[in-house]
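> Here you go, one structure.
The values are calculated or read from the model by the stated rules, or taken from the named source; none is laboratory data. Just so you know, these numbers come straight off a predicted model, no measurement behind them. Counting neighbours? That spans all protein chains shown, and the Cβs are built from the backbone with ideal geometry, glycine included. For accessibility, only protein heavy atoms count, side chains too; no ligands or nucleic acids. Shrake-Rupley method; radii C 1.70, N 1.55, O 1.52, S 1.80 Å.
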Amino acid sequence: MISLTLFFLFVFSTFSASIKVQTGPRLNNDKVYKYTYTTEVLINKPRGLIEDSVGYKISSDVEVNLVWRNPNNKDDQLIRIVMKNIKVDGVSDRPQDKNIFTGTTAAKIFGENYMTALQRPLLLQWSLGKVKSFYSYQNEPTLLLNIKRGLASLFQIQFNSGAVNEADVSGTCKVTYQTRENQIIKIKDLESCKISKSGFTNSNKVLGVTTKQTSSTSYVIEDDIIKSVLAEENHVLTLNSYQVIAAKIVCKQKLGLASISNGPKETGGKQISSVVKGIDAKYMSLPLVADELKSECKTCPSLLQEWKANRNNFIPKNLSKTGAGRSFLALIQSLRRAKKSDILKILKSEKDDVLPQLIDAVTFAQTSDSLEAVLEFLDFNNSRSSLLQERFLYACGLASHPNELMLRALVDKNKGIIANEEIRETVVIIMGALINQLCKEGGCKLPAVLEAKKVVLEGLQNPKKPSDIKTHLLALKNANLPEGIPLLLQYSESGEGPISSIAINALKKYDTAFITEEVKKTMNRIYHQNYKIHEKTVRTAAASIILSNKPSYMDVKNLLLSIGELPKEMNKYMLSIFQDILQFQMPASKLVRQNLKDMWIHNYNRFSKSGSSSAYSGYITRGTDSSATYSLDILYSGSGILRRSNMDTFLYSKNTELHAIQVVIEAQGLESLIAATADEGEEDLETSAGMSAILLDVQLRPVTFFQGYSDLMSKILSTTSDPMSVVKGLVLLTDHSETIQLQSGLRANAEFQGGLAIDISGGMEFSLWYRESKTSVNNRGAMVILGNVTVDSGFIDAGMGSRFETESSFDFISTVKFSSYPFLVCMQMDKGTFPFRQYITKYERLASGKAYVSRKGKVQTVEGSELPLHKENSNMCREVFGEQSSSSDSWF
């Protein structure tokens, strides 16, 4: 019995020793704890010198005393906290004439009423270091309440190590405590904080902004009393595509115990609610989480004023200048504050020359008022306003953060009467782009998305007319729906040439995870023509999918073995594709090298095929933060006439790619112009040519140069050198808005916007007299990117603005001389001279108007150049232009 008793005593003592006693800070009765408190906010570049920062700091004395202690739980305390002797100052040492705080006081800055409210005591129910309740006056200004919450949040603490979910001024956040002797470190995961805040960002990371946030608070505890607190949080915001546009916000808090003196005795009572009411009946229990601070721009111009000031920059002749980009971004900000009636008034009063650009801006504003205004203004029953309707639709497709309302508007328009058939096609194509954007944001189950999906897929399952198939394939290409892959495979293999080509190119947009073995088998059947004869454009597109999606050794081997058995120009094209894979170090490079060790594959007979077709890829820019590539492939018919040219530009950043621009020119059935024989499978193709474009991952509606032989001849006889516009207008590239709740109670705002004025055009010229054809793709653009970070309290405004702007041109010209055989083909890719201009403005401003402003700028010019292609092309260009110069001296 004794031994059994000893055993239980041993177990109990061991169990008790393994339990940590829960403890927390306590205040002593009859004492006042006097602290000094400072909070400051700094704004600068991420690696900027601290003395170059702008911002301000608020300092005060803080008195803390015990008001009441729960008679049943000595760790449950009601404490009183009051700020006294409040001061405001700058964060950087500057001469007095540049220090806006010289000669002013906190009372002058905040005003007497606000100062009185800020110095009004707050009460905390404090139990084992946790703030259970926060008491203050409900009718106090939100800003002052949040500042008090920031101070009260420093008293949110625990003495034991571990991770907990905890509420403070930043929201409900995951917090990790690390305890060592008399020091406690609190790490707050700001990404996890749940708090009401407004904002939006780009769905594509390449054009988006990355935010990195850290928060750490260090406590020193002595005799269960908080002796000192040092808290710091950092927010670094960086534009992914151009990391020079970046900002850093630092918020610091410092609380230090200065003295302990005699104070009032604690109040008696059993219930905390009655004790609080006894102190002041106006005290209310409020959340410790900060309230959202809504601020209105009191100095911002009205929409009409903004439009009048910037209208001249929206005239077509000024669109290629950076002034247009700056005005576009300023107008969008004004439109986002405007009401529907004000927007409609301007739309109805404007002339045709600026209306398309105004439609761009109104649509990109992406507010409910702007959407309702533009929908009411546009009359889809009127075919004469088709240009404005098209600009609206393209702006919808390229919207930075579209919502369901925008897609619902297009679904409803598709049900109604649309006078222009091309606009009806564009509506369906752009519906696909919005489906993709909303699905990326987790909105695939939204009613409008489900209805739009049904429209796109049913248009392929049960097309009402043959032309609907192309339209709905292009819509599916934009939508990128996994459930649409079986339909794409069906049309890829059994459709006619143009239909098959669109279906296969739609498959190219899918992630590798969706390119299954079934897809690869179908592409192999198409390329190797197992079931039916396919056009060269279809076969080469199928080869591209095979090579871009983890091909097997045998996939690559069979493609290589086909070289030599293909039509002449297709032989040369496929040979160039493999050479490009090797020189540009693409994913399939390793498998290609392995296959080339086989002499049956790698031999002179196979790799000496002649022809004019080619493929080449290279870097436009290559940096640590982002890079841009270009690729050009061009496929000719056996008679030497252009079959397809394809120019692509991709942007890469944060392990994400963006298909920035693609311009494809396709022609068919032109052999009759030079009495040549068409290639196998292409004998009965209708004479036609057209151009298709992708802009920022969105497929646009293709345009037709000519359709049919008679149309071609009329175009040749009446042709001009003016290219046909594919897309022209203003595009909102980057659009990021974020509110950041700082742990001091202040709130920061960050906005990054990028505007692009773009003009993509292309043309195809024939000269039967000189026996020459020329295709051209011209890209003109001006880009402006703005980054603004501010901390605006309503009394003090501090911030930093960054601006980057450039103007550029990028042209592709392909010249074919068919006056002799073999034909001479010259391709040129020219990058024009363009300036880089960057400006940074930092400022501090008081409500009285007193301000400090610092401006810095940097301007560079990058000389234009002709982008390199393969050596054979360079030799051919010498012959083409040599022949042109010699013939110019002749009478005939």
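> Residues of the range 163-183 being surrounded by 12 or more Cβ atoms within 10 Å (Cβ to Cβ) and in a loop (DSSP other than H, G, I, E, B), which ones?
Passing the criteria: Val169, Ser170.
> Now a separate question. Please go through (1) over 19 Å from Glu292 (Cα atoms); (2) open to solvent by 30 Å² or more (accessible area, probe 1.4 Å); (3) assigned to a helix (DSSP H, G or I) for Thr102 and return the number of the only condition it doesn't satisfy.
(3)
> Which one of these does Asp89 not meet: (1) under 24 Å from Tyr843 (Cα atoms); (2) in a strand (DSSP E or B); (3) open to solvent by less than 20 Å² (accessible area, probe 1.4 Å)?
Of everything listed in (1) under 24 Å from Tyr843 (Cα atoms); (2) in a strand (DSSP E or B); (3) open to solvent by less than 20 Å² (accessible area, probe 1.4 Å), Asp89 misses just condition (3).
> Here's a follow-up. I'm trying to understand the selection: among the residues of the range 608-624, which are buried (at least 16 other Cβ atoms within 10 Å of the Cβ) and in contact (Cβ under 8 Å) with a residue 40 or more places away in the chain? Let's see the steps before the verdict.
Filtering the range 608-624 down to residues buried (at least 16 other Cβ atoms within 10 Å of the Cβ) leaves 609, 611-618, 620.
Those that are buried (at least 16 other Cβ atoms within 10 Å of the Cβ) and in contact (Cβ under 8 Å) with a residue 40 or more places away in the chain: Lys609, Gly611, Ser612, Ser613, Ser614, Ala615, Tyr616, Gly618, Ile620.
> Could you check, for the range 484-499, whether at least one of its residues is in contact with a His (Cβ under 8 Å, 6 or more places away or on another chain) and touching a residue at least 24 places away in the same chain (Cβ under 8 Å)?
Within the range 484-499, one or more residues are in contact with a His (Cβ under 8 Å, 6 or more places away or on another chain) and touching a residue at least 24 places away in the same chain (Cβ under 8 Å).
> A further question follows. Within the range 372-401, how many residues are under 22 Å from Ala324 (Cα atoms) and part of a helix (DSSP H, G or I)?
Of the residues in the range 372-401, 12 are under 22 Å from Ala324 (Cα atoms) and part of a helix (DSSP H, G or I).
> Given the criterion in a loop (DSSP other than H, G, I, E, B) and hydroxyl-bearing (Ser, Thr, Tyr), identify the matching residue among Ser285, Ser295.
Ser295
Here is a yes/no grid of residues against (1) surrounded by 23 or more Cβ atoms within 10 Å (Cβ to Cβ); (2) of a type outside the set (A, V, I, L, M):
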site: Gly497; (1), (2): no, yes
site: Tyr531; (1), (2): no, yes
site: Ser544; (1), (2): no, yes
site: Glu569; (1), (2): yes, yes
site: Leu582; (1), (2): no, no
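> So, in the range 516-529, how many residues would count as being open to solvent by 40 Å² or more (accessible area, probe 1.4 Å) and within 36 Å of the chain's Cα centre (by Cα)?
Within the range 516-529, residues that are open to solvent by 40 Å² or more (accessible area, probe 1.4 Å) and within 36 Å of the chain's Cα centre (by Cα) number 4.
> Can you name the residue in the range 625-641 that is part of a strand (DSSP E or B) and in contact (Cβ under 8 Å) with a residue 60 or more places away in the chain and is also most open to solvent (accessible area, probe 1.4 Å) among such residues?
Taking the candidates together, the pick is Asp633.
> Scanning the range 850-892 for residues that are at pLDDT 70 or above and hydroxyl-bearing (Ser, Thr, Tyr), which turns out least open to solvent (accessible area, probe 1.4 Å)?
Filtering first and then ranking leaves Ser854.
> Only one of Ala330, Ala290 is touching a Ser or Thr at 6+ places or on another chain (Cβ under 8 Å) and surrounded by 13 or more Cβ atoms within 10 Å (Cβ to Cβ). Can you tell me which?
Just one listed residue meets the conditions, Ala290.
> So is Ile502 in contact (Cβ under 8 Å) with a residue 60 or more places away in the chain, among the β-branched types (Val, Ile, Thr) and touching a Leu at 6+ places or on another chain (Cβ under 6 Å) or not?
Considered against the rule, which asks whether it is in contact (Cβ under 8 Å) with a residue 60 or more places away in the chain, among the β-branched types (Val, Ile, Thr) and touching a Leu at 6+ places or on another chain (Cβ under 6 Å), Ile502 comes out as no.
> Hey, could you check the range 297-322 for residues that are open to solvent by less than 100 Å² (accessible area, probe 1.4 Å) and among the hydroxyl-bearing types (Ser, Thr, Tyr) and say which is farthest from the chain's Cα centre (by Cα)?
Ser302
> Of all residues being in contact (Cβ under 8 Å) with a residue 40 or more places away in the chain and not small (Gly, Ala, Ser) in the range 346-362, which is surrounded by the fewest Cβ atoms within 10 Å (Cβ to Cβ)? Just the residue, please.
Across the range 346-362, the extreme among qualifying residues is Val354.
> Condition first: open to solvent by 50 Å² or more (accessible area, probe 1.4 Å) and either at pLDDT 95 or above or aliphatic (A, V, I, L, M) (or both). Now tell me which residues in the range 31-56 satisfy that.
Lys34, Thr36, Leu49, Ile50
> Write out, first by first residue and then by second, each pair whose Cβ atoms fall under 6 Å of each other, whose residues are 6+ apart or on separate chains, and whose first residue, in the range 650-662, is more than 19 Å from Arg701 (Cα to Cα) and open to solvent by less than 30 Å² (accessible area, probe 1.4 Å) while the second is of a type in the set (Asp, Glu) and assigned to a strand (DSSP E or B).
none
> For the list (1) at pLDDT 80 or above; (2) open to solvent by 20 Å² or more (accessible area, probe 1.4 Å); (3) closer than 30 Å to Gly755 by Cβ; (4) not charged (D, E, K, R), I need the number of the one condition that Gly801 fails.
(2)
> Out of everything in the range 371-407 that is of a type in the set (S, T, N, Q) and farther than 21 Å from Lys728 by Cα, what residue ends up being surrounded by the most Cβ atoms within 10 Å (Cβ to Cβ)?
Asn403
> Could you pull out the residue among Gly269, Gly263, Gly325 that is touching a Pro at 6+ places or on another chain (Cβ under 9 Å), open to solvent by less than 70 Å² (accessible area, probe 1.4 Å) and touching a residue at least 60 places away in the same chain (Cβ under 8 Å)?
Gly269
> Right, another one. Checking Val131 against (1) out of contact with any helix residue (DSSP H, G or I) (no Cβ under 9 Å at 6 or more places or on another chain); (2) part of a strand (DSSP E or B); (3) among the β-branched types (Val, Ile, Thr), only one condition comes out false. Which one?
(1)
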